[in-house]
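Please treat every number below as a calculation from the coordinates, not as lab data. A quick note: this is a predicted structure, and the numbers were derived from the prediction, not measured. Methodologically, a virtual Cβ is constructed for each residue, glycine included, from the backbone with ideal geometry; neighbour enumeration extends over all protein chains shown.
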Amino acid sequence: MRPVDQKGLRARFGRVCGLSFVALAALPATHHLVAKKASVATAFVVNSGSGTVTPISTTSARVRPAISVGADPDAIALSPQGTTALVVNGASDSVTPIDTSTDRPGRAIRVGADPDAIAVTPNGRTAYVANAWSDSVTPISLADRRAGKPIRVGDHPVAIALTPNGHTAYVLNWEGATVTPIDTATDTAGNAVAVGSYPSALVVTPDGKTAYIVNYGSDSVIPINTSTNRAGRAIPVGQAPDAIAVTPNGRTVYVVAGDSDSVSPINTSTNRAGHPIPVGYSPSAVAISPSGSTAYVVNTISGTVTPIDTTSNRAERAIVVAAYSYPTAIGLSPSGRTAEVIGTYSGTVTPIDTATGRALRTITVGASPVAVAIAPTP
């Protein structure tokens, strides 16, 4: 029987940025423009077991001193310009802001119980934090770093994504099998949209017209029209889907199916899934290169990363990362030259040279790393 405990599921594939994966494709569109110009960047690695964040240069692989945050940090998001990293502390019920130019943490901001996900508006004014045990979302003003009144949503919210214009935040309610839209101008929740069983991940297309919802328990993806907030017909994919990414041109969505060891490409113009692409054992995360030419799939049990050519939808030779590392998350540098693969069991990060497809020297970080965000270096 499949597990249905969200805590266990998150332990399997990591909690990243409130969007089920971390890569620059998951960040606001304004950040794309800034980040792509930068050749030097820093990976901020969230270490759940250590209560720290480890900064790593993506060019030199130099590790800077760990930054102390709260207990059980489990998600991270960047401000649009990449100047602030916001770290969600699941066991401390707080968010810690970090100045990315100095690596200094600011005062922790109190939110709801068991915060699990975070997203920042494209204008950088507000961060929205999903609180799983409070059934709420906390808005945070980033100007004064104060939490606003909690917004009631559905049962056990675990992920959140914003439309590119920042007008709407979509919140996944794991136990409620719904998605709650939030009007960011008024911080009010709209009517919940029924989706599939145990929704686990979501992504909004670059044009902002569609939100794609991954249903872990229903083996499906449901598109939501963001202008009407109506759900479309469910798209069948592989078993136990738990991660999703969209290409920069918005034409294809890639859905990772952990129990099928495959990835389903969905044509966003037809909302039909193509032939499943075989990858490694227990895939758990996916990130798209800034150019959109390659999807990188993390295979947790295999300890590999499978690159997929997005033109042909063919898998290339798998890249082996650190032995017994149990990789669960991945982030791409702004230039797309390196991919940083998070090894949760081994407490490591393995950089991959994307031009050669080779894994580089493994870097030791803190205990149980689960998430990463990559910011351009000022």
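Below are the figures for this structure:
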| read-out | value |
| --- | --- |
| Under the Karplus curve 6.51 cos²θ - 1.76 cosθ + 1.60, θ = phi - 60°, whole-Hz ³J(HN,Hα) for the stretch 272-284, x wherever Gly or Pro sits | 10, 7, x, 4, x, 9, x, 10, x, 6, 6, x, 9 |
| Residue-wise HN-Hα coupling along the stretch 371-377, computed from phi with Karplus coefficients 6.51, -1.76, 1.60 (Hz; x: Gly, Pro) | 8, 8, 9, 10, 10, x, 7 |
| Interchain or long-range residues, amide H under 5 Å from Thr310's placed H | Thr294, Ala295 |
| For Ala329, residues with placed amide H under 5 Å, excluding near neighbours | Ile342 |
| Label-point separation, Ser57 to Asn225 (7 Å along Cα→Cβ), nm | 5.2 |
| Percent RCO, i.e. relative contact order, over the chain, from Cα pairs under 8 Å lying at least 6 residues apart | 16 |
| Mean separation of Cα contacts under 8 Å (6+ apart) over length of the stretch 175-324, as relative contact order % | 12 |
| The chain, dipole about Cα centre (Lys/Arg Cβ +1, Asp/Glu Cβ -1), debye to the nearest 20 | 680 |
| Extension gain, Thr83 back to Asp144 (0.36 nm per residue minus Cα-Cα distance, nm) | 20.4 nm |
| The stretch 189-232: relative contact order in percent, alpha carbon pairs under 8 Å with at least 6 residues between | 34 |
| With at most 13 other Cβ atoms within 10 Å, longest stretch of the chain clear of loop chymotrypsin sites (Phe, Trp or Tyr not before Pro) (DSSP) | 1-280 |
| Which of Glu340, Glu316 has the fewest Cβ neighbours within 10 Å, and the rest in rising order | Glu316, Glu340 |
| Footprinting exposure proxy for Ser220, Ser57, Ser92 (fewest neighbouring C-beta atoms within 10 Å first) | Ser57, Ser92, Ser220 |
| Ile76, Ile301 arranged by Cβ crowding within 10 Å, fewest neighbours leading | Ile301, Ile76 |
| Ala245 long-range amide H proximity, modeled H, under 5 Å | Tyr254 |
| Net length gained if the chain between Arg107 and Ser68 were fully extended (0.36 nm per residue, minus Cα distance) | 12.9 nm |
| Over the chain: helical MRE at 222 nm, DSSP H runs n ≥ 4 each giving -39500 (n - 2.57), nearest 500 | -1000 deg cm²/dmol |
